[in-house]
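Below is a structure I'd like to ask you about.
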Amino acid sequence: MSNQLNDLRVLPGIRELPAVERPRERLVRFGADRLENRDLLALLLGTGTRELSALGLADRLLALFGSFDRVLGASIEELTAVPGVGIAKAAQIKAAYEIGRRLQAPSRPDLVIRSAYDAVAVAAPRMRGLEREEVWALLLDVKNRLIGVHVVSVGHLSGAPVHPRELFKEAVRRSAFAVIVVHNHPSGDATPSADDIALTRRLRDAGELLGIALLDHIVLGDGTFTSLKESGYW
C-alpha cells in the first residue's frame, strides 16, 4: 500500500494535464455519466495538496478505502485522518453522499404502502450505510399513502433512544392516520432486540390512545429486514 501511495506523488497537477483529461472539462464536454469514480471524487475535493493534485488525492482515498462506496461512506474522522483531507473536503464528500442517499427514496405523494416490503423500499435506500442507529416513522394517511418521513431519533452504534411523544408529535402535526416505524441495525443483523420488542409495544399502546395505528415496526439489517408485525411480536 505504501508503494502505491508513494507512486501517486509523481502524478502531474490537473492544470498540467491536457484539457480533454481534466475532470471538469470532461464533465462539461461529455457529461457527468462519462466520468470515472476518481474524476468525480477529484471534483468533490476541488483541490489537492502541494504533493498531490486533486486526482492524486482521489486516487489516494480510493487506494486506502478500497472502493468509491467506502470513500463516500467513511466518517468525517476517517476521512480527515488521510493526509491532505481536511474538514472542508471531508464535509463536501459527506454532503454529496447524503444528497445521493436522499434522492434514492421515492418521493411521490401518492405512494401507497401496502406491505413491509413497500416500507423497506422507501426507507432502505436512505438508511443504507448509516453508521449510527436511527429510528424513522413513515407517516400514512387513511388510504395508506405516504405523506411524510420523520426522523424520530439518531443514536449510536447499538441503540437510539425513542420516546413515543417524539414520534407521535409529528404524526399528529401531519394528521397521519397510521405510522410504520423503521430502524436500522448498523451491525447488519436484523434480529429484533428485547428493547426493540418493548418499544414496539409501548408505541402500539400510545398510538391506540391517540387514535393513530402503528401498522408495523421494521428492523433493517445488511440486505435483510424483520417485520415485527409479521413475526408475531404484536
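Working from Cα positions, state the angle (0 to 90°, nearest 10) between the long axis of helix 87-103 and the longest principal axis of the chain.
Between helix and principal axis, roughly 50 degrees.
Provide the per residue accessible area, probe 1.4 Å, for the chain, rounded to a whole number of square angstrom.
Accessible surface, normalised per residue, equals 55 Å².
For the range 123-186, calculate the relative contact order in percent as a whole number, restricting contacts to Cα pairs under 8 Å that are 6 or more residues apart.
RCO, the range 123-186: 43 percent.
Under a Cβ-only charge scheme (Lys and Arg +1, Asp and Glu -1), can you give me the dipole magnitude of the chain about the Cα centre, in debye to the nearest 20?
Values: 30 positive and 29 negative charges, 145 e Å.
Computed charge dipole of the chain: roughly 700 debye.
Something else now. May I ask you to list the GluC sites (Glu not before Pro) in the range 134-234 that are in a DSSP loop and have at most 13 other Cβ atoms within 10 Å of their Cβ?
Those that pass, being in a loop and sparsely packed, are 230.
From the square roots a ≥ b ≥ c of the eigenvalues of the alpha-carbon gyration tensor of the chain, which class results: rounded (a/c under 1.5), prolate (a/b over b/c), or oblate?
prolate
At 1.4 Å probe size, what's the solvent-accessible area of residue 49? Round to the nearest 10 Å².
For residue 49, solvent-accessible area is about 50 Å².
Excluding residues on the same chain fewer than 8 positions from residue 229, give the aspartates and glutamates whose Cα lies under 20 Å from its Cα.
The reachable aspartates and glutamates, counting only those whose Cα sits under 20 Å from residue 229, are 118, 134, 141, 189, 195, 196, 205, 208, 216.
Taking the chain as a Gaussian network, Cα atoms linked when under 10 Å apart, which of 222, 33, 196 shows the biggest mean-square fluctuation?
Looking only at 222, 33, 196, the largest GNM fluctuation is found for 33.
Now for a different question. With every protein chain present, what accessible area does residue 75 have (1.4 Å probe, heavy atoms only), rounded to the nearest 10 Å²?
20
The values are calculated or read from the model by the stated rules, or taken from the named source; none is laboratory data. Note that this is a predicted model, so its numbers are computed, not measured. Using ideal geometry, Cβ is built from the backbone for each residue, glycine included, and neighbour counts are taken over all protein chains shown. For accessibility, only protein heavy atoms count, side chains too; no ligands or nucleic acids. Shrake-Rupley method; radii C 1.70, N 1.55, O 1.52, S 1.80 Å.
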